[in-house]
Amino acid sequence: MSTAGQVDRYGLPAQETDLRGFVCGSGYRLARIETDDAKSGTLPAEERPGLLAALKAIKTGEAAGLLVPGDLDRLARELIVQEAILSQVWKAGGIVLTTTRGEILADDPDDPMRTAIRQFMGIFAQLDRALIAKRMRNGRKEKAAAGGYAGYGSPAFGTQAVNQELVTDTREAAVTARMHELRGQGALVPAGGLSGSTPRD
């Protein structure tokens with residue numbers, strides 16, 4: 001699950017429910033469930049431990065294939081990544097299923113439309129991800145321009161984010177005010193002291 005999962009509310013619990021619902025009465029059983037929480041679907045398999053474990057289970061014969069919750073956009077958010085993963089599963093003799101479409105059939109030279117349609121859907125998943133990312137960037141920029149907390153890193157010392165708004169943290173603000181006061185009195189110097197001077201206590 002990554003940003004897209006947070007936006008569309010299709011988090012890990014909902015995905016697991018779909019997986020278990022799909023196999024119920026289907027003739028399949030879950031060998032195990034692997035997850036890559038907080039990992040982007042744009043990452044290749046080698047950077048996703050859960051996916052790597054699933055692929056290994058297929059190669060060793062522990063699992064007959066890969067069941068993906070939702071559609072292939074949960075497997076990968078970029079076409080090149082999607083196709084590389086599918087190729088690995090099929091090369092290992094495994095099958096790929098999604099809870100919405102069932103089995104994703106392997107490429108067939110006598111049916112080029114099968115490949116084309118799957119790849120077109122992958123392109124649109126990639127476009128969808130790019131549009132979501134653009135909307136989020138634009139929203140952050142607008143928030144920052146309006147003086148709100150845009151969500152980049154931790155708020156500055158002396159402030160805290162409450163309901164996506166920056167508010168004063170009174171304890172930290174008091175510390176900051178005291179630091180400015182001491183600096184104005186010459187009681188504070190940069191770490192390591194000033195050139196040619198001895199740091200004060």
TODO: Go through the residues of segment 42-60 one by one and say whether even a single one is closer than 19 Å to Phe124 by Cβ and either assigned to a helix (DSSP H, G or I) or basic (Lys, Arg) (or both).
DONE: no
Open item on the list: What are the pairs with Cβ atoms under 8 angstrom where one residue, in segment 61-75, is part of a strand (DSSP E or B) and the other, located anywhere, is among the polar types (S, T, N, Q) and open to solvent by 20 Å² or more (accessible area, probe 1.4 Å)? Sequence gap at least six, or different chains.
Closed with: Leu67/Thr99; Val68/Thr99
Open item on the list: Tell me whether segment 67-86 contains one or more residues that are farther than 24 Å from Ala130 by Cβ and either among the hydrophobic types (A, V, I, L, M, F, W, C) or surrounded by 14 or more Cβ atoms within 10 Å (Cβ to Cβ) (or both).
Closed with: yes
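Yes/no per residue for (1) at pLDDT 85 or above; (2) farther than 26 Å from Tyr10 by Cβ; (3) among the small types (Gly, Ala, Ser):
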position	(1), (2), (3)
Ile104	yes, no, no
Pro109	yes, yes, no
Phe124	yes, no, no
Leu131	yes, no, no
Asn138	yes, no, no
Lys143	no, no, no
Gly158	no, yes, yes
Asn163	no, no, no
Open item on the list: Given the condition open to solvent by 80 Å² or more (accessible area, probe 1.4 Å), over 19 Å from the mean Cα position of the chain (by Cα) and within 25 Å of Leu52 (Cα to Cα), answer yes or no: does some residue in segment 124-138 qualify?
Closed with: no
Task: Pair list, Cβ under 6 Å, 6 or more apart: segment 94-109 residue within 25 Å of Thr60 (Cβ to Cβ), other residue outside any loop (DSSP other than H, G, I, E, B) and of a type in the set (Ser, Thr, Tyr) - done: Asp107/Thr115
TODO: Count, please, the residues in segment 1-45 that happen to be in contact with a helix residue (DSSP H, G or I) (Cβ under 8 Å, 6 or more places away or on another chain), open to solvent by 80 Å² or more (accessible area, probe 1.4 Å) and at pLDDT 90 or above.
DONE: 3
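Is it true that Ile95 is at pLDDT 95 or above and not basic (Lys, Arg)?
On the way: at pLDDT 95 or above: yes; not basic (Lys, Arg): yes.
When the stated conditions are applied, Ile95 passes them.
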- [ ] Scan segment 165-201 residue by residue and report those that are in a loop (DSSP other than H, G, I, E, B), open to solvent by less than 100 Å² (accessible area, probe 1.4 Å) and at pLDDT below 80.
- [x] Gly186, Ala187, Leu188, Val189, Pro190, Gly192, Gly193, Leu194, Gly196, Ser197, Pro199
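Can you pull out the residues in segment 79-99 that are touching a Leu at 6+ places or on another chain (Cβ under 9 Å) and not hydrophobic (A, V, I, L, M, F, W, C)?
Here is the first cut: in segment 79-99, the ones touching a Leu at 6+ places or on another chain (Cβ under 9 Å) are 81-82, 85-86, 88-89, 92, 94-99.
Residues satisfying the conditions are Gln82, Gln88, Gly94, Thr98, Thr99.
Can you tell me which residue among Gly94, Gly61 is more than 15 Å from Gln15 (Cα to Cα) and open to solvent by 40 Å² or more (accessible area, probe 1.4 Å)? Walk me through it before giving the result.
Values: Gly94 fails: open to solvent by 40 Å² or more (accessible area, probe 1.4 Å).
Going through Gly94, Gly61 in turn, just one is more than 15 Å from Gln15 (Cα to Cα) and open to solvent by 40 Å² or more (accessible area, probe 1.4 Å): Gly61.
The values are calculated or read from the model by the stated rules, or taken from the named source; none is laboratory data. Everything numeric in this text was worked out from a predicted model, so none of it was measured. Virtual Cβ from ideal backbone geometry, glycine too; neighbours counted across all protein chains shown. Heads up: the accessible areas ignore ligands, DNA and RNA and are worked out on the full protein's heavy atoms, side chains in. Shrake-Rupley method; radii C 1.70, N 1.55, O 1.52, S 1.80 Å.
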